[in-house]
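Just below is one structure, and these are the notes that go with it.
Values in this text are rule-based calculations from the coordinates and carry no lab data. This is a predicted model, so every value here is computed, not measured. Cβ: placed from backbone, ideal geometry, glycine included. Neighbour counts: every protein chain shown.
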């Protein structure tokens, strides 16, 4: 999770004018965790030490978003499971099911004049 997303998630309850905004977080990875943390059963169970505090801040920030979009169903499932169902992310895949061209089209730049 980028610093800006963490900032807005944590500052929202403290600024009355931000409460009227609709905050959406788009999660591309394991929501800002170290990729190795995603191998744990629940990386957000860790509460002690600097890493535990960082993970708890991250979960708190995620709860302050109105909508969480994930790029994969696996990430959405993990976030829902790790939050005991309190986060309900939606999935918007970046790749569509539209057929792709086998090769890029050849452009004739002289014909476009």
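Brief remarks on what is shown
- Using alpha-carbon coordinates, inclination of helix 49-63 to the longest axis of the chain, degrees: 60
- Estimated from the Cβ-Cβ distance and a Förster radius of 41 angstrom, the FRET efficiency linking residue 37 and residue 107 is about 0.35.
- Distance between segment 77-108 and segment 1-62 - C-alpha centres, whole angstrom: 21
- Choice from 55, 100, 81 showing the highest fluctuation, given a GNM over the chain with Cα pairs closer than 10 Å: 100
- The chain has equivalent-ellipsoid semi-axes of 36, 20, 13 Å, by the square roots of 5 times the alpha carbon gyration tensor eigenvalues, sorted largest first.
- Helix axis angle, 73-82 relative to the chain longest principal axis, alpha carbon, degrees: 10
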